[in-house]
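Only one structure is covered here, and it is reproduced in the block below.
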Protein chains: 2
Amino acid sequence: MLAVTKKTEYALVAMAHLAALGNEQVASAREIAGLFGISQSLLMNVLKQLASAGYVESTRGSRGGYRLSRLPEEINLADLVTAIEGPLRQSDCILGSMGDHQCSGSAMASCPVADPVHRVQRKLRDFLKNVTLAEIAQGPALHS
Amino acid sequence: MLAVTKKTEYALVAMAHLAALGNEQVASAREIAGLFGISQSLLMNVLKQLASAGYVESTRGSRGGYRLSRLPEEINLADLVTAIEGPLRQSDCILGSMGDHQCSGSAMASCPVADPVHRVQRKLRDFLKNVTLAEIAQGPALHS
DNA sequence: TGATATAGTACAATAACGGTGCTATATTGA
DNA sequence: TCAATATAGCACCGTTATTGTACTATATCA
């Protein structure tokens with residue numbers, strides 16, 4: 001209901017933790033889950049997704065764990081959410097059914113039709129694109 | 001998955017149409033549904049919700065229909081989505097499980113803990129608070 | 001070799017979403 | 001008064017998404 005899912009929340013918590021750790025240390029799923037009191041197996045699933053999406057690097061075996069593979073400043077919410085939850089739905093143009101216009105998927109990005117649904121989707125996406133892990137993880141003072 | 005639901009989309013389309021009509025005319029659910037080629041019964045449900053939430057005024061019977069009961073500039077997405085989809089989930093503080101801090105629901109609004117989940121929820125809510133129906137309905141040129 | 005830890009996959013319970021149908025009530029106009 | 005139109009308020013259901021668990025395989029360290 002227009003909210004980030006639990007999986008994404010777990011991803012944010014884990015990545016914020018990894019960001020705080022810096023690039024020299026690794027943290028295992030067990031450590032992070034224990035630290036924040038969240039489900040270890042679900043966190044493992046999320047970290048697997050993050051790894052295959054290229055957000056974190058993993059080392060297996062004893063003393064293994066995860067570390068961020070990008071700078072927190074270079075990670076934005078839109079891409080992260082897409083990696084975890086799947087592609088942001090950009091529903092077919094509601095005007096498509098009127099017969100005079102069709103746009104869906106990637107074509108919608110350049111859709112000239114100013115219908116309200118497009119506008120909201122675009123605004124939401126632009127907003128998410130401009131929120132970085134850096135400001136989520138430790139960021140400056142909370143402004144408003 | 002971090003997107004507005006179909007019901008909210010229908011609400012946006014309907015309200016944008018009502019905004020364009022102005023305050024003197026009314027439009028029925030059947031008219032709007034036909035105009036945009038969307039499901040009439042679902043739109044009726046949405047309009048009922050909008051009416052009971054105070055967004056639109058209804059007149060029954062023949063020649064009846066809906067009209068906006070507020071100015072488009074005074075309607076923001078956060079409240080609208082809340083009215084249609086239910087309260088925005090503000091999940092319990094993820095740090096609550098650590099035992100040293102508890103905050104949930106309305107208390108979270110003033111939660112001093114800067115955990116990533118809170119920050120994202122707050123940012124998202126602030127964003128939605130600042131998007132009005134006016135800029136969605138006809139708004140100025142699409143910026144960015 | 002054993003303990004640790006990730007990789008990959010499959011599965012299941014619950015909740016949310018999307019959509020439909022029915023009955024009751026109010027208004028207009030013939 | 002009667003028929004047509006239109007909203008009000010329910011209740012319901014199938015599909016999809018979310019949330020969470022489990023199992024097996026593989027890699028690494030001591």
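Taken together, the values in this text are just the output of simple stated rules run on the coordinates, not laboratory data. Here the structure is a predicted model, which means the values were calculated and not measured. So basically every Cβ, Gly included, is an ideal-geometry build from the backbone, and we count neighbours across all protein chains shown.
Sorting A:THR8, A:THR59, A:THR132 from the fewest to the most surrounding beta carbons within 10 angstrom yields A:THR59, A:THR132, A:THR8.
Distance from the B-onto-A rotation axis is smallest for the Cβ of the chain B residue given, in whole Å, as B:PHE127, 2. Arranged from fewest to most other beta-carbon atoms within 10 Å of their beta carbon, A:ARG67, A:ARG119 become A:ARG67, A:ARG119. For the set A:LYS129/B:LYS123; A:LYS6/B:LYS123; A:LYS123/B:LYS123; A:LYS7/A:LYS129; A:LYS6/B:LYS48; B:LYS7/B:LYS48, the pairs lying more than 21 angstrom apart at their alpha carbons are A:LYS6/B:LYS48.
Based on the Cβ-Cβ distance from B:GLU24 to A:LYS7, what FRET efficiency comes out when R0 is 45 Å, to the nearest 0.05? The formula returns an efficiency of 0.40 here. Each other copy holds its own label point for A:GLY37; taking that point as 7 Å from Cα along Cα to Cβ, the gaps run 5.2 nm, nearest first. Counting every other Cβ atom within 10 Å of each residue's Cβ, A:ILE84, A:ILE136 order from fewest to most as A:ILE84, A:ILE136. Legend: calculated FRET efficiency, A:LYS129 to B:ARG63, from the Cβ-Cβ distance at R0 = 51 Å, rounded to 0.05, equals 0.65.
Each copy carries a label point for A:GLY86 at 7 Å from Cα toward Cβ; from one copy, the others' points are 2.0 nm away, ordered from shortest. A label point on A:LYS129, set 7 Å along the Cα-to-Cβ line, lies at 2.5 nm from each of its counterparts in the other copies, closest listed first. The overall shape of segment A:1-67 is prolate: from the C-alpha gyration tensor, with semi-axes ordered a ≥ b ≥ c, the ratio a/c is 1.5 or greater and a/b exceeds b/c.
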